[in-house]
Structures are given as C-alpha cells and as structure tokens.
Amino acid sequence: MCYVTAERAECVQLCVLSHLIAILVVVMHRIKILSGHLRPPGSSEHRRDLWRSECGCAGSSSPDDVVVVHGRRTAVGKAKRGAFKDTTPDELLSAVMTAVLTDVGLSPDKLGDVCVGNVLQPGAGALMARVAHFLSGFPETVPVYTVNRQCSSGLQALFNIAGAIRSRSIDLGLACGVESMSLRSIGEPGDLSSRLTDNDKARDCIIPMGITSENVAEKFGISREQQDAFALSSQQKAARAQDTGAFQREIVPVSTRFVDADGSERQVTVDRDDGVRAGTTLAGLGKLRPAFKPDGSTTAGNSSQVSDGAAAVLIGRRSAVEVLGLPVLGVLRASAVVGVPPDLMGIGPAVAIPAALETAGLTPPALYCVEKLGIPLEKVNPNGGAIALGHPLGCTGARQVVTLLNELRRRGRRAYGVVSMCIGTGMGAAAVFEYPGP
C-alpha cells in the first residue's frame, strides 16, 4: 500500500494504495509521470483553472454522483497466531457492518443491497455473509451476496454496489470485504481441464503468487536490497501511525475469543493491527532466507502478510444521501479493472491506475509518451503498507478505501486518491476517489 501526494495544497494529491512490494517500483515510476503533468508551470490560480477546465470531475458535483458516506474496518490480525486466529469471518464482518450503520444512525432497512468480497470461504462465503447479515440485526428483506475477484474482492464489492446505484436499481448499499486466513488457507486450484498444460497462459494462472513476485523482481530489476529497504520503511511508518493514533478512527474494536497455547480461553478486545513490527531493522531483514526460490529476493520480511480482517463501506447516490442527511466522505470518480500476463500479475496496478485516472479526467494523453522519473520515498506510504499491516485477501480492497479516505480527511483539504491492487491470474484493479474537503 502506498500514498503519493502533491507538493502544494492547490495541486491534486494523488494517493495510491497497493499491496505488493514488487510492483511498487513500477507504480512509483508511473505515478511520478502523472505528478509532473498534474503540476503545470505558472501560478497556483492557473493550476486551479487548469483543473477546472481539464478534469470534468474536479470541483464538480451531481445529484447522481456515487458517494462514500462512511467506512470502518477491524484491526488486521496475523493469520494462525494473531488476535483473530480463533474468530470466524462472520463475526468479523458483523462487527464492521454494524459499526458503519450505527455511526451514521442509519437503519439497515434503508439499504438496497449488500455485497461482500471474500476469497477462501466455500462459495465465496455466500452462507457466511448471510449469517453475518442476521448477526448484525439486518432484516431479511435486505439482500446480500458475495463476490470473489481474489485480492481485489473488497474493491470489486464496492464496484458492484456502485454499478447498482448508477443503474438506479438501488439508492444505498453496503460494500464489504472479509477474510480469515487463519481458519481457511489457499488450497487446491479446483477442478481444471487437463488441457491447461497445453496452453501457456492458462498454465501460468496456477503459478504460486510468490513466484510471480520473483518474476516481476527479475524482469524489472528490483533488487533484494530495494525490497528490504522499502519493507523497513513500511514498518517504521506503520509503527509511527499506530503510536500517533492515525488508525484509531477507522478501526472497530472487536471483543472475541482467544485460545492460548495451553488450550485455555479468554476474551480479548482487539483494536490494534498486530502485524506491525516496530523493531524491524535492515540487518534483520537481510538475514531472512528467500521464501520461494533458493536464489530469490522475496522473503517473509518484504512480502505482504497473510492476515485476518474485515471492512465495510457505505455508499449511495448523492441525492439520496442528502435527503437522509448523511455525510459525504468521498466521491467515486472512476474505476478500472485490467488484464495483464498471469506470470507477472504484480504489474496490474501499473496498468490499472493510469486507466482509472484517465477515465476520471486526471491524465492527459501525453502521459503515455513520457518515459521516466520517480517519486520521493517520503511521499510513499506515510502510514505503512501491507508489508506491515497485512493482506486479508477479500478484505483488502474495502480496507484500502477506508484507510485512504480517513487519511485524506486527516489532511484536511480537498484531494484525490487512488486505491489499487494486483490480482491473481493476471489482473489489476484501481479506483479514483475525491475527498471534497472539510
């Protein structure tokens, strides 16, 4: 996960959230290209005028806008040994579903639909989601369904609800994501044709994620040292964010059961991400062995963690939200899902982000003619990324939206941001949001 911000308050702030360390270098390259184009020479007033004329979304509003009202997430726990290792996903999901509606005083019968992103539960968690729905006190008249687009499932849930709003099927909906990687692990790929081995691209779809990371590192020249340095930065920033309470507003405290090593049970309240390792050092990272290839560069220390967690985001049509007197935390300006080579699936954000930005009107065509520049490291991941926070598969997309919009609100001025992630089997997803300001 990373954030990238412009240098001046008048400029667009471009925030990118991505969870795979190997692709961040590629994304950083592309985003700085954008940054150069989004800061034309001249006065700050000229900059504002430029954005008004070239970005159809910038500074404008419509009754039909899809807006984010509110979002919450659980803390993210380390799979198998963290705070949520004994907590079922329906309980995690119920906690955030309940909190989001309680916070804004909305009755669940106002929802037109609920969509939940999930990867590992049977049937993408269809039964689990309906159980969570009733545990949250939602009426049977409100429907719920699930979606599995692997690592982007939580974001795809938001896209699906947004699509229903745009088509006028519903006015308000809840987009969620949840995963327990403690109770369910990535297993066999399922029932596949024997012809898979005869097709290169089909065969590449079952390459382990860690090997695709190694492929990206080799192809784009990303060294072990670069990855370890980035991982250290992620841990340090996440630790600082925890210490300063930056995540407090977005995390729902969850009271749950925890089984100790001796089999005894106790109740705990979880309100802190437990994957953050404040004591991480470059020397310590350097001692870790490669996790996927004997001569590889991807380790347990510079990869995103397997995790447990849930998040929920309430979205609606602006006109309906205003009638109900609900707040507007952000506006969904554009989205994109793209395909990339399965064996290099980590490059998905480098393709999806420019596509989403162009749809939002935030990129000129000349973008694709520019070939170089990077972004300052201090502008990337001010609160740490998934290396420190973790990556609960079905949850991450929704969690990123919650974290992004809360970060922009903390900064206190109108801004734009992007959430993005790579997707197994060779895809990438991205969404552009506007924070309208206080």
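The values are calculated or read from the model by the stated rules, or taken from the named source; none is laboratory data. Please read these numbers as outputs of a predicted model, since none were measured by experiment. Virtual Cβ from ideal backbone geometry, glycine too; neighbours counted across all protein chains shown. In case anyone asks, the SASA skips ligands and DNA or RNA and just uses the protein heavy atoms, side chains included. Shrake-Rupley method; radii C 1.70, N 1.55, O 1.52, S 1.80 Å.
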Q.
Once neighbouring chains are kept in place and the probe is 1.4 Å, which whole percent of the accessible area of segment 234-276 is contributed by carbon and sulfur?
A. 43 percent
Q. Of the listed peptides 395-407, 223-235, what is their order by residue-averaged count of other C-beta atoms within 10 Å, with the highest listed first?
A. 395-407, 223-235
Q.
Sequence gap at least 6, Cα distance under 8 Å: using those rules, report the relative contact order of segment 80-171 to the nearest whole percent.
A. 33 percent
Q. Given the Cα-Cα distance of ILE186 and ASP109 and 0.36 nm per residue of separation, how much length would full extension add, in nm?
A. 24.2 nm
Q: Whole number in Å², please: accessible area per residue of segment 79-212, 1.4 Å probe, ligands, DNA and RNA not counted.
A: 46 Å²
Q. With each pseudo-label sitting 7 Å past Cα toward Cβ, what's the SER223-SER194 distance in nm, one decimal?
A. 4.8 nm
Q) Let a ≥ b ≥ c be the square roots of the eigenvalues of the Cα gyration tensor of segment 217-336; is it rounded (a/c under 1.5), or, if not, prolate (a/b larger than b/c) or oblate? A) oblate
Q) What's the carbon and sulfur percent of segment 133-219's accessible surface, probe 1.4 angstrom, rounded to a whole number? A) 48 percent
